[in-house]
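Written out below as structure tokens is the structure these notes cover.
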Amino acid sequence: MAGIRLERVTKRFRGGVVAVRDVDLDVAPGEFMVLVGPSGCGKSTLLRMIAGLEPVSGGRIFLGEKDVTDHLPQERDVAMVFQSYALYPRMSVRRNLGFGLRMRRTARVERERRVAEVASVLGLEHLLDRRPGALSGGQRQRVAMGRAIVREPKAFLMDEPLSNLDAKLRVSMRAQLSLLHQRLGTTTVYVTHDQVEAMTLGQRVAVLRDGTLQQYDTPQNLFRHPVNLFVAAFIGSPAMNFVHAAVSGGAVSFAGTRLPAPSALSDVDRRVVLGIRPTGFSPSADNGWPTLEVVPEIVEELGDERYVIFELDAPRVDTEAVHAALEAQSADDALLLPENRARFTVRLPADVPVSVGEPLRLAVNPERLYAFDQDTGAALS
Amino acid sequence: MRRIRRWAPGLLLVAPSLLVLGIFVYGFMGWTLRLSLTSSRRRDINWDYVGAENYRELADETTLTGQRFAIDVKNIVIFTLAFVVGSLVVGFFLALLLDRGVVGESFFRGVYIFPMAISFIAIAIVWRWLLNNGTGDQLTGLNKLFSLAGLDFLQSDWFKSDSGFAIAAVALPAGWALSGYVMALFLAGMRGVPEDLREAARVDGAREHQVFWHVVRPMLLPVTMSALVILVHISLKTFDLIYAMDLKSLKIDTPALFMWFTTFEGGFFGSGAAIATLLLFGVSLVIIPYIWYSVRAERRS
Amino acid sequence: MRAALVVGKYVALLAFVCFFLMPVYVMVITALKDPAQVSVARMWDLPDTVSLDGFRAVWPKLQNGFVNSVLLAVPVSVVSALLGAANGFVLSKWRFPGADFVFPLILFGMFIPYQSVLIPMVQLMSTVGLQGGLDGLILVHIIYGLPITTLIFRSYFTGISDELIDAAKVDGAGMLRTFLYVALPIAPPAFAVAMIWQFTSAWNDFLFGVMLTSTDYWPITVALNNIAGGQQVPFHQVMASALLACVPTLLVYVLLGRFFMRGLMAGALKG
């Protein structure tokens, strides 16, 4: 078992595009680490650099204690699972599984033993003589995983392996991956653009944006203590609600509402971007929390809960960080109709009576208010 | 840099091919060019440089060489025009007929393209007879067919004609051989137009021929350019066909043929090399932009 | 109105079928005619009796050429295809710096007029003693076939996913093993295209054949041209010999036309 250490890893493509910039990461041996970010953030490039498929422009990569920065992929001891599975089409499942061992000149007896073992672990015994073309998507995925497992490598590298599955299958496969990791305990670097996957699978998650590492922490910490606007907007679904607000005299005001400011801002006089998660509200109750009255515009029913969406009398927060998190190219991309006002989404239990147009009083948890610098996006609380 | 290890094996694998092509294509082209600047004759290749003398002689219509070359140039222009236009028109028309799908399409396609599989020598042998210009009880070939059909006015001396356009007759077998290929190109181009585009136009109210004119036709430009370039370069290279049809006839002489005769029968190597270089120049004029454009298009996608 | 158009379409298609098959008709009926029936005036008439006399008479003269062409076309198609596969693989999946610059240079070789390399080629071949026999001709066809076979395989390999090659690398395979174990096994369709195209090309060539071989080693095209150009050779024999010369490539075309078509289209550089 080996850990992976990245020191100031940089990737510069011809033409000047910097895909990865000075990334420092430390994956502990046996850890399941997820690299997440919107498309184009450099996560796949980073993964490929760890695999050796992409030469490094700057920095060093360590596999265990060994500096593998200049090693070809054939010389590193990692196994990779690809988004498209990349199974060798003219080889049987058996030969697909055994290919890596053959290339490393493992003795035939050993090879056959390992292939049989992995096949039985993944339920592939009856498929061993079939070709990938004769397998279903889920079966192919298992073979792709099996090919990696059979090599008993120092680390698994996975490039969005669940993206090609449909939604329900993806959810069950997620659980399977976790189980597998518990069983095998191999160091894993997992790349995805889906923050739900990242949160559910990762022991630690690295959030990337435009090639730069934003935050590297446990899922809980990312959720509760985002270090900037981008991470706050990216993690969590539905996304955090934002509005421009003014802090003064220990209170934050926006759209005709005043709420007590987070303690870190009690003596400050400035404008901020205020963030509240959809789960930061609750139906008004006598718990001393500040309240605000809103008029629901849209109510989305989800069975046990509902999302209530209302407009605020304040302009929409339009910063780049927010767009990037929503994977929108520009302000207009996320909207069907042009609009300028901020809209909040609140998650409420289904037993609270709500109807469109009927004023509703909501309580805001003062501990769950976030404030960010309007220009840099850095967290202020 | 250690990075070399990544790509060196690949380079090594293709190196022999690159070397060999470097010699046999570019090396030889250069050698021919050099030769064209000498006064080599009578198979005695010397390196006695005479500059552009050979080229001047080709352009000088007071010399025998120049006169013949002038005829050649005229012929190749006529041939190229007749052949290219004919093949484009027929190929396009056939593709149009087949585009929307017909019963027995594979059969039709198979028939129109099969001439590409046979040698130009065989083609020349048959068409030599078909284009025979015998008269009276020697009437045969297409002329006889026209006579049987009552279309006597279509009869002609074909490639033995004194009209100066004899070479246009050779465009018939050439077009016969290549039209199917052009059809295949156009068909691929027409069918490459996504069906959604056509359907959107139909839903918008366009009738079938309007769909073709407004949606399909504009997207055929690249294919037409491809076909044009390929046809022109084949036209300039054509040798076997004319050689086997009537090699000694000046009426259908072309630069390609002249080059062969002047070099291997006359022994005027320097002159032959000059003609060859001119042919190369002519072909390059269309092929280089074509390759450059194709490579750029590929890079963009 | 619609019906008239449809009928018109089929009429036109069939008319062109007649145009394209007309020379074949002439070739076949003439080849099958009895020597006595062969006359210029009766060219379009079907033979009264079918006679194989023409074939019988001409085969001995053609036999040598036929064998030579087989000895030429088969090695050429196999070797060109193998080399093209290696080149195509490297140029598409294991690129080196400048690969995208080298490829157009290779491609240009496909379009050059052979006249521009003919003289030095003949000189070289005769200097190294490869003129006269089939060896030189085989070599030359392989060399000048490299551009088209490289193009065919490069286009084909470009279509396979890069991830497959990446998977092989991570699994521990270097270039050669990736080529042998991953690329070649999926290349049979491209092999078919390249081999069929090169076979046809070598079989139908005349210029190189006539320049580089001596009488005993003439390929069939040269033998055919000799028969046809000879004085007083009866038409039925000429047509029979032309027909015989076309049989192999036509057979390939009819049975494996699909691959032939792909070779055709590859040459149009459809990106």
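Considering only helices (runs of 4 or more DSSP H) fully contained in the stretch B:4-70, which possess at least 2 residues that are modelled with pLDDT under 90 and within 30 Å of C:ARG154 (Cβ to Cβ)?
B:4-21
In the stretch A:49-75, which residue that is within 11 Å of chain C (Cβ to nearest Cβ) and without any contact (Cβ under 8 Å) to a residue 40 or more places away in the chain is surrounded by the most Cβ atoms within 10 Å (Cβ to Cβ)?
Once the filter is applied, the top-ranked residue is A:GLY52.
Collect the residues in the stretch B:261-276 that are surrounded by fewer than 23 Cβ atoms within 10 Å (Cβ to Cβ) and at the interface with chain C (Cβ under 9 Å from one of its Cβ atoms), keeping them in residue-number order.
Within the stretch B:261-276, B:PHE264 is the sole residue that qualifies.
Within the stretch C:204-225, identify whether any single residue is more than 9 Å from chain B (Cβ to nearest Cβ), free of Cβ contacts under 8 Å to residues at least 24 places away in the same chain and assigned to a helix (DSSP H, G or I), and answer yes or no.
Yes.
Which members of the stretch B:95-111 meet the condition of being in contact with a Phe, Trp or Tyr (Cβ under 6 Å, 6 or more places away or on another chain) and at the interface with chain C (Cβ under 7 Å from one of its Cβ atoms)?
Answer for the stretch B:95-111, where residues must be in contact with a Phe, Trp or Tyr (Cβ under 6 Å, 6 or more places away or on another chain) and at the interface with chain C (Cβ under 7 Å from one of its Cβ atoms): just B:VAL111.
Among the residues of the stretch C:27-36, is there at least one that is modelled with pLDDT under 90, farther than 25 Å from C:ALA223 by Cβ and touching a helix residue (DSSP H, G or I) at 6+ places or on another chain (Cβ under 7 Å)?
Scanning the stretch C:27-36 turns up no residue that is modelled with pLDDT under 90, farther than 25 Å from C:ALA223 by Cβ and touching a helix residue (DSSP H, G or I) at 6+ places or on another chain (Cβ under 7 Å).
Count, please, the residues in the stretch C:66-106 that happen to be over 16 Å from the mean Cα position of the chain (by Cα) and surrounded by 18 or more Cβ atoms within 10 Å (Cβ to Cβ).
15
Give just the number: which of (1) touching a residue at least 24 places away in the same chain (Cβ under 8 Å); (2) within 14 Å of chain C (Cβ to nearest Cβ); (3) under 16 Å from B:LEU280 (Cβ atoms) does B:ARG41 not satisfy?
Against the list (1) touching a residue at least 24 places away in the same chain (Cβ under 8 Å); (2) within 14 Å of chain C (Cβ to nearest Cβ); (3) under 16 Å from B:LEU280 (Cβ atoms), B:ARG41 comes up short only on (3).
Given (1) outside any loop (DSSP other than H, G, I, E, B); (2) under 21 Å from the mean Cα position of the chain (by Cα); (3) within 12 Å of chain C (Cβ to nearest Cβ), where does A:THR45 come up short, assuming only one miss?
(3) is the only condition that A:THR45 fails.
Give the residue, chosen from A:ARG105, A:ARG90, A:ARG14, that is in a loop (DSSP other than H, G, I, E, B), within 11 Å of chain C (Cβ to nearest Cβ) and touching a helix residue (DSSP H, G or I) at 6+ places or on another chain (Cβ under 7 Å).
A:ARG90
Suppose we filter the stretch C:218-238 for residues that are under 11 Å from C:VAL58 (Cα atoms) and not hydrophobic (A, V, I, L, M, F, W, C); how many remain?
Going through the stretch C:218-238 one residue at a time, the tally reaches 3.
Please verify whether A:GLY37 is under 30 Å from A:ARG209 (Cβ atoms) and buried (at least 18 other Cβ atoms within 10 Å of the Cβ), treating the condition exactly as stated.
Yes: the conditions hold for A:GLY37.
I need the full set of residues from the stretch B:119-168 which are assigned to a helix (DSSP H, G or I), surrounded by 22 or more Cβ atoms within 10 Å (Cβ to Cβ), of a type in the set (Gly, Ala, Ser) and within 24 Å of the chain's Cα centre (by Cα), in order please.
Those that are assigned to a helix (DSSP H, G or I), surrounded by 22 or more Cβ atoms within 10 Å (Cβ to Cβ), of a type in the set (Gly, Ala, Ser) and within 24 Å of the chain's Cα centre (by Cα): B:ALA122, B:ALA124, B:ALA166.
Is one or more of the residues making up the stretch C:185-194 without any contact (Cβ under 8 Å) to a residue 12 or more places away in the chain, assigned to a helix (DSSP H, G or I), surrounded by fewer than 20 Cβ atoms within 10 Å (Cβ to Cβ) and not polar (S, T, N, Q)?
The answer is yes, given that some residue of the stretch C:185-194 is without any contact (Cβ under 8 Å) to a residue 12 or more places away in the chain, assigned to a helix (DSSP H, G or I), surrounded by fewer than 20 Cβ atoms within 10 Å (Cβ to Cβ) and not polar (S, T, N, Q).
The values are calculated or read from the model by the stated rules, or taken from the named source; none is laboratory data. It should be emphasised that the depicted structure is a prediction, and the values quoted were computed from it without experimental measurement. FYI the Cβ positions are ideal-geometry reconstructions off the backbone, even for glycines, and counts take in every protein chain you see.
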